[in-house]
Amino acid sequence: MFGELLRSKLAGICELSEWQIERLRLHYELLTRWNKVLSLTSVRTVEEAVERHYCESVFAACYLPEGGVSVADVGSGAGFPGIPIGIMRPACSVVLIESHQRKAAFLKEASRELGNVRVVARRVEDVTEGFDWVVSRAVRYSDIAGSLKKLGRNAELLTGGVRAEDLSGFEWQEPIRVPWGERRYLWIGRNLTGSVVQARFT
């Protein structure tokens with residue numbers, strides 16, 4: 001059911017290989033098990049999970065540039081959008097930044113067989129590595145704005161109804177409406193500060 005729903009909702013947007021669907025399904029099954037003892041998501045049905053978590057994350061992956069760019073998922077939580085990005089874009093190096101130690105333990109287990117994904121279990125303010133792209137979903141921008149500007153040359157945000165003037169520090173393109181749900185947008189921006197630390201630009 002998971003794979004069929006995923007394929008159906010992404011029809012015309014993105015084609016997934018059998019391997020990608022299987023990896024995303026395994027992540028969902030692990031998330032469901034861990035969610036019984038660790039509050040990783042409030043979503044309870046497979047339909048909601050596919051649409052709100054996996055489709056949005058795959059959608060973000062589709063808008064990253066071609067090639068092996070480095071990506072940091074800030075406040076990764078249950079692994080969105082970072083783990084689906086790592087699955088969709090195996091040439092990318094993806095770092096999941098999560099300060100909550102039990103959530104970080106889940107992320108390590110969930111990414112164990114993904115060679116291009118690693119977990120940094122610390123506060124984003126303490127991360128000293130730079131990245132080509134920083135991505136984030138369901139995290140309040142004002143809480144992470146300074147860290148995004150420090151860590152990433154470019155940014156992708158999956159968020160609700162905000163204005164460009166509320167997202168300071170980046171030059172943002174026109175937001176792209178996410179096909180699922182109301183008032184969900186993908187924001188893509190370029191860092192204007194020019195002070196990214198130790199970035200590995202492509």
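The values are calculated or read from the model by the stated rules, or taken from the named source; none is laboratory data. Keep in mind that what you see is a predicted model, and the values were worked out from it rather than measured. Quick reminder, even Gly has a Cβ in these numbers, built from the backbone with ideal geometry, and neighbours come from all protein chains shown.
Okay, here's what the table says:
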quantity	calculated
Neighbours by Cβ (under 7 Å, 6+ apart or cross-chain): first from region 13-29, of a type outside the set (A, V, I, L, M, F, W, C); second part of a loop (DSSP other than H, G, I, E, B) and surrounded by 11 or more Cβ atoms within 10 Å (Cβ to Cβ)	His27/Gly79
Conditions (1) under 21 Å from Leu30 (Cβ atoms); (2) touching a Lys or Arg at 6+ places or on another chain (Cβ under 6 Å); (3) β-branched (Val, Ile, Thr): number failed by Val178	(1)
Sole exception among (1) assigned to a strand (DSSP E or B); (2) over 30 Å from Lys9 (Cβ atoms) for Thr193, by number	(1)
Count of region 36-64 residues which are without any contact (Cβ under 8 Å) to a residue 12 or more places away in the chain and either in contact with a Pro (Cβ under 6 Å, 6 or more places away or on another chain) or not in a helix (DSSP H, G or I) (or both)	7
Segments classed as strands (runs of 3 or more DSSP E), wholly inside region 88-157, with at least 3 members that are polar (S, T, N, Q) and out of contact with any Phe, Trp or Tyr (no Cβ under 9 Å at 6 or more places or on another chain)	none
Filtered residue count, region 124-142, keeping only those that are without any contact (Cβ under 8 Å) to a residue 60 or more places away in the chain and surrounded by 13 or more Cβ atoms within 10 Å (Cβ to Cβ)	3
Test: residue in region 84-103 that is crowded, with 22+ Cβ neighbours inside 10 Å, within 22 Å of Trp19 (Cα to Cα) and in contact with a His (Cβ under 9 Å, 6 or more places away or on another chain)	yes
Any hit, region 72-81, residues being over 20 Å from Leu158 (Cβ atoms) and in contact with a strand residue (DSSP E or B) (Cβ under 9 Å, 6 or more places away or on another chain)	no
Options Glu156, Glu171; residue that is surrounded by fewer than 19 Cβ atoms within 10 Å (Cβ to Cβ), modelled with pLDDT of 90 or more and of a type outside the set (Ser, Thr, Tyr)	Glu171
Region 6-57, subset within 15 Å of the chain's Cα centre (by Cα) and of a type in the set (Val, Ile, Thr), residue nearest to Lys103 (Cα to Cα)	Thr41
Meets criteria (over 13 Å from the mean Cα position of the chain (by Cα) and farther than 19 Å from Asp143 by Cβ) for Glu113	yes
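Condition check ((1) modelled with pLDDT of 95 or more; (2) closer than 15 Å to Glu4 by Cα) across all residues:
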| site | (1), (2) |
| --- | --- |
| Leu26 | yes, yes |
| Trp34 | no, no |
| Val37 | no, no |
| Thr45 | no, yes |
| Tyr63 | yes, no |
| Gly67 | no, no |
